[in-house]
Amino acid sequence: MTQHAADTSRPVLAAADTQAAGEPRGWWRDAVIYQVYPRSFADANGDGMGDLPGIRSRLPYLRDLGVDAVWLSPFYASPQADAGYDVADYRAVDPMFGTLLDADALIREAHELGLRIIVDLVPNHSSDQHEWFQRALREGPGSPLRDRYHFRPGLGADGELPPNDWESIFGGPAWTRTANPDGTPGEWYLHLFAPEQPDFNWDSRAVADEFRSILRFWLDMGVDGFRVDVAHGLVKAPGLPDLGAHNQLHLLGNDVMPFFDQDGVHEIYRAWRQILDEYPGERIAVAEAWTPTVERTANYVRPDEMHQAFNFQYLSTYWDAVELRAVIDSSLAAMRPVGAPTTWVLSNHDVTRHATRFANPPGGTQLRTAGDRELGLRRARAASLLMLALPGSAYVYQGEELGLPDVTDLADEVRQDPSFFRASGQDGYRDGCRVPIPWSGTEAPYGFGPAQGGPSWLPQPAEWAGLSVAAQTGDPTSTLELYRSALTIRRGHPDLGAGSAVEWLDAPEGVLAFRRGAFRCLVNTTGETVEFDTPGRLLVSSAVDAVPGRLAPDSAGWWAV
């Protein structure tokens with residue numbers, strides 16, 4: 001059973017959001033933040049690609065869903081070698097998404113609806129089409145522009161070998177050799193990702209000054225914060241030392257690397273925090289920081305640095321009560337000493353949707369099989385209630401509120417993930433979680449674009465007609481109404497949202513049970529029905545037909561005591 005009473009009367013955001021006593025409330029501490037992948041959310045002009053006017057047209061939906069903020073993946077001017085994470089101009093909107101005026105209108109309307117806007121910032125690397133990089137190539141060795149990237153002479157008798165043994169996350173060496181202006185072989189440049197994404201050299205004062213200016217540009221536009229891409233990668237170890245290992249991708253997340261999670265990054269973020277604090281309305285920064293431990297993740301959210309950091313340890317945890325409890329405890333414990341909120345996330349634009357991950361046996365976050373979709377949806381619904389019941393801030397990836405699975409059977413000829421076309425490195429199957437979401441109708445593109453428009457940039461499955469927003473709205477058994485109910489309850493219940501601890505209760509094997517004041521949450525991760533003493537009044541259940549005193553297989557429920 002589900003309950004829903006959407007709050008459609010949220011106040012317009014003021015210049016500063018404060019409590020009655022005048023102290024900052026810290027809106028991010030319990031915020032539910034909705035990730036929009038612009039290509040795949042809504043298409044206003046009918047070209048098959050999502051855009052900023054399309055997002056703006058759907059802001060009332062997000063307001064009614066009950067989220068607090070919207071995080072936009074990159075929409076900057078870009079050659080799109082990595083879906084916009086290769087930025088050519090940080091102060092311009094790519095024409096495929098609209099204009100700066102469209103961005104301004106989107107930000108203003110979001111604020112009028114009581115929503116905040118967080119934009120992606122990509123400071124680790126630029127596009128190879130960025131003006132700085134192009135000038136550095138044209139001017140050749142000795143150009144001051146080369147100091148803004150990592151240009152190095154090669155090793156070997158004729159400089160034919162890369163400067164060190166670092167490997168790209170996308171496969172192959174992390175170095176590409178250039179040609180001198182006269183056509184002779186030249187220096188090499190560093191790119192931890194695609195060759196089209198040269199890494200900035202953050203030892204350069206010009207780079208630091210430029211990004212402080214970029215921050216102010218978007219803050220002046222009215223954005224409420226930044227999600228910082230590859231926040232752990234900006235600073236490289238002095239001398240760029242060899243790692244001394246192959247298959248380096250498999251080492252990520254297990255140790256501090258010479259190119260990731262170097263302590264010098266924190267000086268950068270302390271400088272950024274000073275800028276954010278100059279602006280009214282509690283502007284924030286969120287770290288995408290892959291670190292070996294949650295304790296090192298906590299370094300990014302010390303009081304004078306960022307406000308939040310993604311909890312990838314939680315995202316990577318399988319549907320298992322023991323593992324879930326362990327990562328919840330360690331996450332809360334790591335954030336407590338620095339006074340930062342813990343964040344929780346189940347899906348994003350780079351990993352297989354959790355409705356599909358949980359449909360399969362344990363196997364990481366990049367899967368290629370559909371698995372048992374009915375099982376996956378049951379677990380996904382329960383996992384969502386667990387996530388939204390935990391203390392701190394939660395992230396919702398577009399379409400997860402519809403229970404969308406990954407599209408695992410896309411034909412090779414329609415795939416567009418650049419990783420798919422590389423011989424090694426990161427799995428290239430992210431297209432499956434990026435398929436445009438369905439809004440209405442019985443045929444593709446399901447209201448994603450105007451009726452007279454063309455097909456969406458990635459094909460949508462025929463079975464998605466039954467998963468559209470229109471099809472699920474008003475159906476008390478739907479996943480959309482489950483999310484609406486849970487978000488309404490979360491907003492109104494005094495014991496939900498911000499906090500730093502849960503009180504675990506005794507429970508059978510495979511069941512998680514905890515209290516937060518007068519609130520109780522029970523989660524059954526097993527395939528069997530579990531009987532229990534009803535702890536109070538049922539608020540919401542992920543099971544379609546909840547029975548008092550019985551917790552259905554792979555389900556969760558909330559109770560008020």
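The values are calculated or read from the model by the stated rules, or taken from the named source; none is laboratory data. Since this is a predicted model, take the numbers as computed values, not measurements. All Cβ positions, glycine included, derive from the backbone under ideal geometry; neighbour counts span all protein chains shown. Side chains are part of the model used for accessible areas, which takes the heavy atoms of the whole protein and leaves out ligands, DNA and RNA. Shrake-Rupley method; radii C 1.70, N 1.55, O 1.52, S 1.80 Å.
The table for this structure:
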read-out	value
Added length on full extension, which subtracts the Cα-Cα distance from 0.36 nm per residue, A92 to R373	97.1 nm
Charge dipole (debye, nearest 20) of region 75-199; +1 at Cβ of Lys and Arg, -1 at Cβ of Asp and Glu	240
Carbon + sulfur, % of accessible area of region 148-217 - ligands and nucleic acids excluded, 1.4 Å	52
Cβ-Cβ FRET estimate between A333 and T365, R0 fixed at 22 Å, reported to 0.05	0.40
T442-N45 FRET efficiency (beta carbon distance; Förster radius 30 Å; 0.05 resolution)	0.85
The chain - share of DSSP beta bridges that are antiparallel (%, nearest 5)	60
Amide H partners (placed H, <5 Å) of V70, local residues excluded	Y34, R116, I117, I118
T534/E509 FRET efficiency (R0 22 Å; Cβ-Cβ; nearest 0.05)	0.65
Extension gain, S213 back to D475 (0.36 nm per residue minus Cα-Cα distance, nm)	89.5 nm
Residue-wise HN-Hα coupling along region 530-545, computed from phi with Karplus coefficients 6.51, -1.76, 1.60 (Hz; x: Gly, Pro)	10, 8, 7, 7, 4, x, x, 8, 5, 8, 6, 9, 6, 6, 5, 10
Phi to ³J(HN,Hα) by Karplus 6.51 cos²θ - 1.76 cosθ + 1.60 over region 260-266, Hz, x for Gly, Pro	9, 6, 6, 4, x, 5, 6
Accessible area in square angstrom per residue, the chain, 1.4 angstrom probe	38
Lys/Arg +1, Asp/Glu -1 at C-beta; the chain dipole; positive extreme among V265, Y300, N524	N524
Three semi-axes of the equivalent ellipsoid, region 221-318, Cα gyration tensor, whole Å, largest first	27, 16, 10
Separation in nanometres of the label points that stand 7 Å from Cα toward Cβ, at D255 and A326	2.2
Reciprocal of mean inverse Cα separation for the chain (Kirkwood radius, Å)	24.4
Nonlocal amide H pairs with A92, under 5 Å, H built at 1.01 Å	A77
Value of [θ]222 nm, deg cm²/dmol, for the chain, DSSP H segments ≥ 4, -39500 (n - 2.57) each, nearest 500	-6500 deg cm²/dmol
Kirkwood Rh, Cα atoms: Rg over Rh of region 68-129	1.01
Dipole magnitude of region 313-393, debye to nearest 20 (Cβ charges: Lys/Arg +1, Asp/Glu -1, about Cα centre)	180
Nitroxide proxy distance, nm - points 7 Å out along Cα→Cβ at H246 and D104	5.6
Binned Cα-Cα distance frequencies in region 362-478 - 10 Å width, integer %	12, 38, 35, 14, 1
In Å, descending, principal axis extents of the Cα set of region 291-364	41, 27, 18
12 Å cut-off, amide nitrogen to a point 7 angstrom out along S500 Cα→Cβ, residues in region 290-330	303
Semi-axis lengths (Å, descending) of the ellipsoid that matches the C-alpha gyration tensor of region 18-143	32, 20, 11
Karplus 3J(HN,Hα) series, Hz, for region 398-408 with 6.51 cos²θ - 1.76 cosθ + 1.60 (x for Gly, Pro)	3, x, 5, 5, 9, x, 5, x, 5, 8, 8
Binned Cα-Cα distance frequencies in region 254-378 - 10 Å width, integer %	12, 36, 31, 16, 5, 0
Placed amide H near M257: partners under 5 Å, 5+ positions off or other chain	none
Distance (nanometres) between label positions extended 7 Å along Cα→Cβ at L161 and T178	2.3
Equivalent ellipsoid semi-axes - Cα gyration tensor, region 437-561, angstrom	36, 17, 13
